[in-house]
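Let me begin by presenting the structure, written as C-alpha cells, before commenting on it.
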Amino acid sequence: MSWFKQLFGKKEVLQTPLFFFNTLGKEKQLFEAAPHTKEVRMYNCGPTVYGRQHIGNLSMFVFTDTLRHTLEYNDFKVKQVINFTDFGHLSSDADEGEDKMTKGLKREGLAPTLDNMRALGEKYANLFLEDIRALNIEVDKVTFPRASDFIPAQIAMIKALEEKGYAYKTKRGVYFDTSRFPDYGKLGNINLEGQKEGARIGKDPEKRNPIDFLLWKNDKKLGWDSPWGKGFPGWHIECSAMIRATLGLQIDIHTGGIEHIPVHHNNEIAQSESATGKKPLARFWLHRAHLQLEGAKIAKSEGNVVYLSDIIERGFHPLSLRYLLLSAHYRTSANFTWEALGAAQTAYAKLLAMRLKSQKVSPPGFSQTTLAWKQKFTERINDDLDTPGALAVLWEMTKDEELPSEELLAALLDFDSVLGLNLSEPDEAARRLAATETKKEITLDSLPEDIRTLIKEREEARENKDWPRADELRTKIENLGYALEDSASGTRVFEP
Ligand SMILES: [Zn+2]
C-alpha cells in the first residue's frame with residue numbers, strides 16, 4: 001500500500017459503495033468481493049498483435065488500468081490478465097474474412113509460417129507494451145498470456161465440449177452447437193434473429209444453426225496438430241481457455257470493447273459455462289465505448305487513424321492523452337481532436353505545476369476539510385468510474401482556500417493513485433510542461449518581428465506535417481531565448 005494512502009485512516013472516511021454498470025443485467029450493480037476473498041480476478045480482452053495499435057485500441061487499456069486502480073482504492077487486491085491474440089483472429093468476429101495475422105505477414109513480406117507468425121506477434125506485442133507504459137499503465141502488475149502458448153489448453157477445452165455433446169464436426173472444422181445452450185445471447189440481450197440474417201452470407205451448408213461458431217478451423221497448410229487434423233483453434237476459445245488457465249473456472253470482472261458483446265463475449269460465455277458447468281463465467285461484464293477521431297469512426301483502411309507515436313511527435317506528452325481519455329466517461333463515445341488534446345495538455349500542465357510547487361506532504365491525520373474532498377472524489381469514482389466527475393472534484397478542491405498546501409498535495413497524490421497521471425514522479429517532459437505554466441507568457445504582438453516570422457514558419461511546417469522542420473525551428477526559437485508550447489489556440493510563447 002502506498003504511503004499516501006496510509007495517510008488517510010480508513011476509519012475516518014465513510015464507506016462508499018462501489019457500483020459498476022454490468023452489461024449482464026444492463027444496470028448499475030453493487031460490486032462486492034466474491035465470498036471468502038478480497039481478491040478480484042479480472043480478464044481484459046487484449047489486442048490482436050498483427051500491427052501497431054491506434055489510440056482507440058489503447059484507450060481500452062487506460063480504462064482497464066483506471067478500473068484496476070479504483071478496485072485497489074477500495075482495498076481490493078487485483079489479479080489482472082490481458083491476452084495477446086497472436087493467431088486465428090479473422091477480420092470479422094463471426095468467423096468470416098481474412099486472418100488478421102496472415103494479413104500482417106503479407107504486409108511485412110513474410111512467408112506464412114508459425115515461426116514468422118510468432119515473431120510478428122512478438123514485435124507488435126512489444127510495441128503495444130511500450131505504448132501502454134508511456135500511458136503510465138502498470139504493465140508489471142499484469143499477466144499477458146499469448147494465445148499460441150495455450151494451444152493444448154484450447155484443444156482440451158474443445159475436446160471437453162465435444163465429449164459433452166456441445167460440438168460437431170464439419171469439413172471446415174469443429175463448431176459449437178448454440179442450440180444446446182439456451183442462454184445464448186443473454187449478455188446485452190442481443191437480437192439473435194438479426195445475427196442469423198447476417199450469418200447467411202458465406203454460410204457453411206453443414207452448419208446446424210446460423211449462429212454456431214468455430215471452435216477449431218481446419219487448415220492443411222498452416223497450424224497445429226489436433227484430434228481433428230491440422231489447423232487453428234477458433235478465436236473465441238482462446239479467451240475461455242486462458243481465463244481458465246490463468247484465473248480459474250469463474251472470474252469477477254471481464255472487460256472488452258462494446259463490439260465484443262454480440263458475438264465474442266456471448267461465445268466465450270457459451271463455451272466456458274458448457275465446458276466447466278460453472279455459471280456465470282464472470283459476475284461483472286464491463287464494456288468500453290469506441291473512441292472517435294475528429295467525429296468519425298477510427299478506420300485504418302480510410303486513413304482516419306492516430307497512433308501514440310504521432311502524438312509524441314507533435315510535441316504532446318503521452319499523459320495528456322490519458323488526461324483527455326479520463327475527461328470522458330468510458331461508456332460514452334469520446335471524441336479525439338487535436339484541439340481537445342491541446343486543452344487536455346494545458347490542464348495537465350496546470351496540474352503538474354501545482355504538484356511541483358509544493359514538495360512537502362502533510363503528516364498523517366487529515367483535517368475534516370481534506371477528508372470531505374476525498375469523500376466527494378470517492379463517490380464519483382465509485383459511481384461506475386465517473387472519471388470526468390472525479391476530475392471536476394479535483395479542480396474544485398484546488399480552489400479551496402481553507403486547504404493547506406501540504407494537504408492539497410497529499411490529496412492530489414491520493415487521487416492520482418486512481419487517475420494514473422504520474423503526479424508522484426513526473427518525468428523530464430512533464431517537468432518541462434509544468435514549467436510552461438509558471439513562466440510568464442508573451443503575447444505574439446509584443447515579440448520582435450524576426451521571432452514572429454520564425455513562429456509563423458514553424459506553424460506552417462506543422463500544418464504540412466513536416467515534423468523535422470518544425471523541430472528545427474523550435475530549437476532555433478528556443479536558442480534565441482523563448483519557450484514554446486503548442487495549444488488548441490495556436491503557439492504560446494513564454495519567457496525562458
Ligand atoms: Zn476475448
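Quick note: the coordinates plus some simple rules give every number you see, no bench work behind them. Predicted, not measured: the structure shown is a model, and the values here were computed from it. With ideal geometry, Cβ positions are generated from the backbone for all residues, glycine too; neighbour counts draw on all protein chains shown.
Could you name the aspartates and glutamates in cross-link range of Lys196, using Cα to Cα under 20 Å and dropping any fewer than eight places away on the same chain?
Hits, sequence-local ones excluded: Asp93, Asp95, Glu96, Asp177, Asp183, Asp204, Glu206, Asp212, Glu259, Glu268.
Which value, in debye to the nearest 20, gives the size of the charge dipole of the range 59-143 about its Cα centre, when Lys and Arg are +1 and Asp and Glu are -1 at the Cβ? Before the final figure, lay out the partial values.
Values: 11 positive and 16 negative charges, 31 e Å.
Dipole about the Cα centre, nearest 20: 140 debye.
If you find the alpha carbon centre of the range 394-449 and of the range 105-144, how far apart are they in angstrom?
Value for the Cα centre distance between the two parts: 34 Å.
Just to confirm the filter: which GluC sites (Glu not before Pro) across the range 123-209 are DSSP coil and have at most 15 other Cβ within 10 angstrom of their Cβ?
For GluC sites (Glu not before Pro) across the range 123-209 that sit outside H, G, I, E and B with at most 15 neighbouring Cβ atoms in 10 Å, the list reads Glu138, Glu206.
Identify, among Thr113, Phe144, Asn382, the residue whose Cα sits farthest towards the positive end of the charge dipole of the chain, taking +1 on the Cβ of Lys and Arg and -1 on the Cβ of Asp and Glu, with the dipole about the Cα centre.
Thr113
Percent antiparallel among DSSP beta bridges with both residues in the chain, to the nearest 5?
55
Pull up all non-local amide H partners of Asp177: gap of 5 or more, or a different chain, and H-to-H distance under 5 Å with H placed in the peptide plane.
Ala167, Tyr168
Which of the listed residues, Ala328, Leu408, Phe232, is farthest toward the dipole's positive end in the chain, when Lys, Arg count +1 and Asp, Glu count -1 at the beta-carbon?
Of Ala328, Leu408, Phe232, it is Phe232.
Pairs of Cα atoms under 8 Å, at least six residues apart: use those to get the relative contact order of the chain, whole percent.
In percent, rounded to a whole number, it is 17.
Lysines within cross-link reach of Lys279: Cα-Cα under 24 Å, excluding same-chain residues under 8 positions apart?
Candidates past the 8-residue exclusion: Lys26, Lys28, Lys38, Lys77, Lys79, Lys159, Lys164, Lys186.
I need to check one value: relative contact order of the range 34-288, counting alpha carbon pairs closer than 8 Å and at least 6 residues apart, in percent.
This gives 23 percent for the range 34-288.
Please identify every one of the GluC sites (Glu not before Pro) in the range 230-320 that sits in a loop by DSSP and has no more than 15 other beta carbons within 10 Å of its own beta carbon.
Hits after loop and neighbour filter: Glu294.
Could you state the angle between the C-alpha long axis of helix 387-398 and the longest principal axis of the C-alpha atoms of the chain, as a value from 0 to 90 degrees rounded to the nearest 10?
20
Magnitude of the Cβ-charge dipole of the chain, K/R +1 and D/E -1, about the Cα centre, nearest 20 debye? Please report the intermediate quantities before stating the final value.
Numbers: 67 positive and 73 negative charges, 327 e Å.
The calculated dipole for the chain is roughly 1580 debye.
Please work out the C-alpha center-to-center distance from the range 23-91 to the range 231-250 and express it in whole Å.
Result: 15 Å between the Cα centres.
So, with +1 on the Cβ of K and R and -1 on the Cβ of D and E, and no other charges, what is the size of the charge dipole of the range 34-288 about its Cα centre, to the nearest 20 debye?
Dipole magnitude for the range 34-288 comes out near 400 debye.
Assign one of three labels to the range 439-496, namely rounded, prolate or oblate, based on the Cα gyration tensor with a ≥ b ≥ c the square roots of its eigenvalues; rounded applies when a/c is under 1.5, prolate when it is not and a/b is larger than b/c, and oblate otherwise.
Verdict is prolate for the range 439-496.
So what is the calculated 222 nm ellipticity per residue for the chain, using -39500 (n - 2.57) for each DSSP H run with n of 4 or more, over all residues, to the nearest 500 deg cm²/dmol?
Working: 17 runs with 211 residues, N = 496.
-13500 deg cm²/dmol, from helical runs alone.
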